[in-house]
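Data first, discussion second: the structure below is written as structure tokens.
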Amino acid sequence: MTTPRPTTTLTADDARRIALRAQGFLGAPNRRSGTRGILRHLGAVQLDTISVLARSHELVPYARLGAIGRKTVEHAYWKAASSGAPSARPHAFEYWSHAACILPIEEWPHFAFRRRAYRNRPHWNHELPDGAYDQVIKQLRSEGPLTATELGGAKKTNDWWDWSGTKVAVERALMYGEVVCVERRGWKRVYDLAERAVPDTLLHDEPDDTECLRRLVRLAGQSLGVGTRADIADYHRLKAEQVDAVIADSGLVPVTVEGWGKPAWADPAALQTPPRGRHRTTLLSPFDSLIWERARTERIFGFTHRLEAYVPKHKRVHGYFAMPVLAGGHLVGRVDPAREGHTLVARQVTLDGPKAVPSVAQALVEAATWVNCTDVRVERVDAPEHREPLVKEITRILA
């Protein structure tokens, strides 16, 4: 791939601040646009089953907007786009992007390349029983929206991955784009036909693969602010060769970032004005798009981040759901939280020195308030000498 020579050189701090602004952590948040604005701004919000303080798709807008109501978050994702609409057309849809993600409904056409790839896929992990697919579509057309259970059952046994024929069929239909998830009900997907849930102008817009990839590369660059090819590819899980094929025509511009060691691309709008404003202080979901890619997180913040929920307990270093703490544009520690009644428990805390104490205390108290906890208890601090100052600061804020 031949690329133009970069005409702009950024310091590592420039790149860090550009990334923070692009991700919504630097400058005044647009509270009027709320969760929907955050979703459009980020382009993708990752879903995950783990719920400690809240589920990850709730934590993402919270981290940027503060103590926004959790029901408000769900309503913003899923409720009808306009009052009086003939059917509830959500603002978002679920699909495979960085992982299973909530995506802005406006981007439905640009995942056509992936829907086509799934339709042409020769091998699947689950066999599709004869007639199951047509039966699911028929039932949704006459009765929908429905959960997999309401369609006839989600699992054959209690094993997580032992799907019923009905579940295999409806998930296949979701991948093909004939069915969409229109809401989550008790964490269960509620399915409906795409023809009812997706606006006609989007449903029938089928750009070719090149146009889809060009759009997603541009969106990734805008959401990241600046990134390497690997960063940009990872955002929507594209292949390196797919990025190479379109990046020159994506609208992103090549830049050099001091210390990165690899070519980078930036959103030209991010280069027009220096990133300034107030930094957010907050706990971050391990699945937040600011930090979901380990190599990028280490490069930008000098912070090694790994989710240990699926690591055997005796091998964990920082805890089950360690949440990095963002303050002053840096990652200054991490907290492994839990809830016991109306108490937020910091089971394990790691601090980047004594200067991090006020920020970590602030982040803990704000998170506690958000989830209706009235107290915060600190159990273990990796550096024991920081425990007493942290407890005192939390007590002061709560007083």
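FYI, it's all coordinate maths here, none of it is from the lab. Because the structure is predicted, anything quoted here is derived from the model rather than measured. FYI the Cβ positions are ideal-geometry reconstructions off the backbone, even for glycines, and counts take in every protein chain you see.
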Under the Karplus relation 6.51 cos²θ - 1.76 cosθ + 1.60, θ = phi - 60°, what is the ordered set of whole-Hz ³J(HN,Hα) values for segment 269-276, x standing for Gly and Pro? 5, 6, 8, 6, 10, x, x, 9
If I compute Rg and Dmax of the Cα atoms in Å from the structure I just sent, which labelled value in (i) 20.7, 61; (ii) 30.8, 94; (iii) 22.2, 65 lines up? (iii)
Which percent of the Cα-Cα distances in segment 171-292 go past 18 Å? 66 percent
Long-range amide H contacts for W163: which residues qualify at under 5 Å (H placed 1.01 Å from N, peptide plane, sequence gap of 5 or more or a different chain)? K156
What lysines does K392 reach when the alpha-carbon gap must be under 19 Å and sequence neighbours fewer than 8 apart in one chain are set aside? K355
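Which order do the peptides 123-136, 322-335 come out in when sorted by mean C-beta neighbours inside 10 angstrom, highest first?
322-335, 123-136
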Compute the signed sum of charges (Lys and Arg +1, Asp and Glu -1) over the other residues within less than 12 Å, Cβ to Cβ, of G251. +1
Round to a whole angstrom and tell me the spacing of the C-alpha centers of segment 116-131 and segment 217-238. 29 Å
Each residue of segment 365-373 in turn: what ³J(HN,Hα) in whole Hz from Karplus with 6.51, -1.76, 1.60 and θ = phi - 60°, glycine and Pro shown as x? 5, 5, 5, 4, 4, 4, 9, 6, 9
List the residues, sorted by chain then number, that are 5 or more residues from Y95 or on another chain and whose placed amide H is less than 5 Å from its amide H. C101, L103
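Is it possible to state the helix-based mean residue ellipticity at 222 nm for the chain, with each DSSP H run of 4+ residues giving -39500 (n - 2.57), the sum divided by total residues, to the nearest 500 deg cm²/dmol? What is it? Don't skip to the end; give the middle numbers.
On the way: 17 runs with 152 residues, N = 399.
Helix contribution divided over all residues of the chain: -10500 deg cm²/dmol.
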Counting only residues 5 or more places away or on other chains, whose amide H sits under 5 Å from the amide H of E308 once H atoms are built in the peptide plane? A322
